[in-house]
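The next block holds one structure in the form of structure tokens; read it before the comments.
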Amino acid sequence: MVFKVEAIQEEQLFRALTFQENDVVFGGTKRLTELIEATLKILKADLFVVLNGCIGELVGDDTGAVVEEFQKQGVPIVNAETGGFKGNNFIGHEIVVKAIIDQFVDRYAKPNIKRRNGLINVWSELPFQNTFWRGDLDELKRILEGAGFEVNILVDNNSGGAEEWKRIPEAQFNLVVSPWLGLSIAQYLGTKYKQPYLHIPVLPIGAEQTAEFLRKVAEFSGVNIKSTNDFIAAEEKEYYYYLEHFTDFYAEHWWGLPSSYAVVGDSAYNLAINKFLVKQLGLIPSTQIITDNPPEKYRQMISAEYKKLDLDVSAKVAFLEDGYEINDLLQHLDYGHRPPIIFGTTWERDTTKKVGGSIVEVGFPASYEVVLNKKYIGYRGALSLLEKIFTTVISKSA
């Protein structure tokens, strides 16, 4: 869903969009009313969302009352109280989603909801936060549909837009594919619509992880078990075809790959990449740095996942947000006798040079790569990640 305001008359637009000192002192609800009215004159949309920020919440502006007046007129609009002091983008995302469910989806929910076996609501990566989120969600939808399921992916080009949100109550269950983001949404929907949920903490990367992921979904749903196994067989045939032809190169250049690594990123990508690097490439994890500031109640569960990366392989985790602290830790980690490979962002590039390592940018900002629909999860994403890793290492040694 994309929301925008296009220019009408310059004076009217200025009056509608300008939030001045007078509005802070005496309240901005009148200005908000003008803005919504101006927007409705120039823009047709299936859904509008009003986000209240720090100033509005601190001075007590009742944006909900303003929005409610338009809702009574049949305007598809919702209000979300998203003052920055409530948390970061991840927390704000869950607030907005719950607001849409309460104020928009509920309007279309029938008293006797008919469940559709095989229809899944997917809650996973945070849209717009990760450089590769579009490609990742495309791949997530592709593999689930390939296994025979219907998928409400809910955001971006491959979703059905507002109509797909209306179908949320019809889903057989909710699927949470992340360590914690989306979990409270699934629990909320369980209370509201009596929907069960399946929580799989690890985004699947590579054949082994993806097959395990799809079989868990099929087992939980009780449907599409044969089609799931058929899809896995077909995808693995293609996946291992490319890996087979990669082995000649790997046998010659494996010695050039760093033996240890660290990942800097949000918990979903961090955990997924760790699982792949340990299981697929046999690399040795150093301390892993998680940057999305997960709520305290989830941190023990997240840390536990790093204790079972593979048989007898575990890693320590550090929950850090401050860029200085992150780079200071990276600079002082023990990577063994060879330079490491760092999976992070542009902000870790200089530190990686200091420790003589290679960097693969897997998060925002990724300033040295143009990304359209690249993905790093699933079967196809794993091949892209392998290409990126070895290209980076070879380029550094050239």
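We did not get these values from a lab; they are worked out from the coordinates using the rules stated. Please read these numbers as outputs of a predicted model, since none were measured by experiment. Heads up, the Cβs are rebuilt from the backbone with ideal geometry, glycines too, and the neighbour counts pull from every protein chain shown.
A few comments on the model shown:
- Local electrostatic count at PRO340 - Lys and Arg +1, Asp and Glu -1, tallied over other residues with Cβ under 14 Å: +3
- The residue among ILE394, ILE326, ALA272 whose Cα reaches farthest toward the positive pole of the charge dipole of region 257-397, with charges on the beta-carbon of Lys, Arg, Asp and Glu, is ILE394.
- Using a Förster distance of 30 Å, the FRET efficiency for VAL96-ASP312 (Cβ separation, nearest 0.05): 0.10
- Available extension along the chain between ASP106 and PHE249 is 46.0 nm, counting 0.36 nm per residue and deducting the alpha carbon span.
- For the chain, the longest principal axis of the Cα atoms and the long axis of helix 63-72 meet at an angle of about 70 degrees.
- Region 247-398 gives an Rg/Rh value of 0.94, both radii derived from C-alpha positions and Rh following Kirkwood.
- Placing R0 at 51 angstrom, the Cβ-Cβ distance between LYS354 and VAL223 gives a FRET efficiency of 0.45 after rounding to 0.05.
- A full extension of the chain between ASN88 and GLU164 corresponds to an added length of 24.7 nm, given 0.36 nm per residue minus the alpha carbon distance.
- When Rg and Dmax are taken over the Cα atoms of region 116-229, they come to 13.0, 36 Å.
- Diagonalising the gyration tensor over the Cα atoms of the chain and scaling each eigenvalue by 5 before taking the square root yields semi-axes of 40, 27, 19 Å, largest first.
- A crude spin-label estimate for the pair GLU57 and ASN157, with each label 7 Å from Cα along the Cβ direction, gives 3.4 nm.
- Cα long-axis angle, helix 133-146 against the chain (0 to 90 degrees, to the nearest 10): 80
- Each of LYS44 and TYR240 was given a label point 7 Å from its Cα along the Cα-to-Cβ line. The distance between the two points is 5.3 nm.
- Simple label model, 7 Å out from Cα along Cβ direction - GLU150 to THR33, nm: 4.2
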